[in-house]
Structures are given as C-alpha cells and as structure tokens.
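Down below is the structure, laid out as structure tokens.
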Ligand code: HEM
C-alpha cells in the first residue's frame, strides 16, 4: 500500500517494440507506477483497504495471481539487487517490533496512504503509530 519506490521506473526499447498490440517508438520511455499497479482492482478487490489477509490464500494459482501485479522491487535484469536482504531485514524488524510493542494507529487509518514520489520514497504522511511496550524486559 505504501511502496518504497511508488513512481514509474522507465524503460525504453532502442529499436521500438510492441506491447499488447501497442507500438512503442524507438527511445520512448515507458513504465508503470508501482503505486498504481498495486491498486489494480482486478487483482486486489477494494485496493484502498488495508487488508493483509488478502494474501492468505488456498492455492498456488491464487498466490500467483496476487503476485502478478506486486513488484515493490521492480523485476527483470535491473530489478532490485538487495531484495532478499531487504525482505530479511523487514521480517526481522516487524517480528521484533510486534514482539516488543502493541501497535495501534494514532488516527483512523486513511483510505489512501499519501506518498511523495521520489526514486526512493522520502517523507510520508502517516500512518502514525503509537508503540507501547508489550512485555517487561
Ligand atoms: C525496502 C527496501 C528496498 C526497496 C523497496 C527497493 C527497491 C528498488 C527498486 C524498485 C529498484 C529499481 C529496479 C528497476 O529499475 O527495475 C531498486 C534497485 C536497486 N536496489 Fe533496491 N530496494 C530496497 C532495498 C535495497 C537494498 C537493501 C539494497 C542493497 C543492499 C538495494 C540495492 C539496489 C541496487 C544496487 C539497485 C540497482 C540495480 C540495477 O540497476 O541493476 N536495494 N531497488
């Protein structure tokens, strides 16, 4: 919902190319914004709603379908080289935070998360969370 690189990463075909029947002239820049791709209503019904359980599915086919529009690290030859390291860091950080804290939203969750489009997203406007120690160490 709040991809680190929300905008579109351009690619160009030096000799031109055809994508889904649309001709792309030589050197024209094309791309799909990650933010938009992740909100495809055909793939993610109610795309504006924070619903992580949409990823809990019964079949590989359904998982493939969900993954077909999910590219926070881009893809292909120039996709993020640090993806696995980033995922491992995220798993550790989220596991540690949820172990140590009760996390709640300070304000009602907005329907839309606002992000500023940088190559790597900079300042964001919320969601703002309050962390309360869940255990005494
Ligand atoms: C949540 C964390 C991260 C996100 C969302 C992210 C996202 C991205 C994206 C979208 C690209 C552009 C790929 C393209 O143009 O198709 C990229 C490229 C790249 N990322 Fe990451 N990245 C993350 C973490 C990391 C980490 C931890 C490293 C290094 C340890 C890293 C190293 C790189 C490098 C070197 C490239 C350029 C690859 C190339 O042009 O061949 N990234 N990243």
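Of all residues in the stretch 88-106, at least one satisfies being at pLDDT below 95, more than 15 Å from the ligand (Cβ to nearest atom) and assigned to a loop (DSSP other than H, G, I, E, B).
Per-residue answers, yes or no, for (1) over 16 Å from residue 74 (Cβ atoms); (2) in contact (Cβ under 8 Å) with a residue 60 or more places away in the chain; (3) surrounded by 10 or more Cβ atoms within 10 Å (Cβ to Cβ):
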| residue | (1), (2), (3) |
| --- | --- |
| 5 | no, yes, yes |
| 9 | no, yes, yes |
| 12 | no, no, yes |
| 17 | yes, no, yes |
| 22 | yes, no, no |
| 27 | yes, no, yes |
| 31 | no, no, yes |
| 38 | no, no, yes |
| 43 | yes, no, yes |
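Taken across the stretch 107-120, residues that are part of a helix (DSSP H, G or I), within 16 Å of the ligand (Cβ to nearest atom) and surrounded by 11 or more Cβ atoms within 10 Å (Cβ to Cβ) do not occur at all.
Here residue 125 qualifies as touching a strand residue (DSSP E or B) at 6+ places or on another chain (Cβ under 7 Å), more than 16 Å from the ligand (Cβ to nearest atom) and closer than 24 Å to residue 32 by Cβ. As a summary of the residue check, residue 81 satisfies the conditions (1) more than 7 Å from the ligand (Cβ to nearest atom); (2) at pLDDT 95 or above; (3) surrounded by fewer than 10 Cβ atoms within 10 Å (Cβ to Cβ) except for the one numbered (1).
The values are calculated or read from the model by the stated rules, or taken from the named source; none is laboratory data. The structure displayed is predicted, hence computed values, not measured ones. Cβ coordinates were reconstructed from backbone atoms using ideal geometry, including for glycine residues, and neighbour counts include every protein chain displayed.
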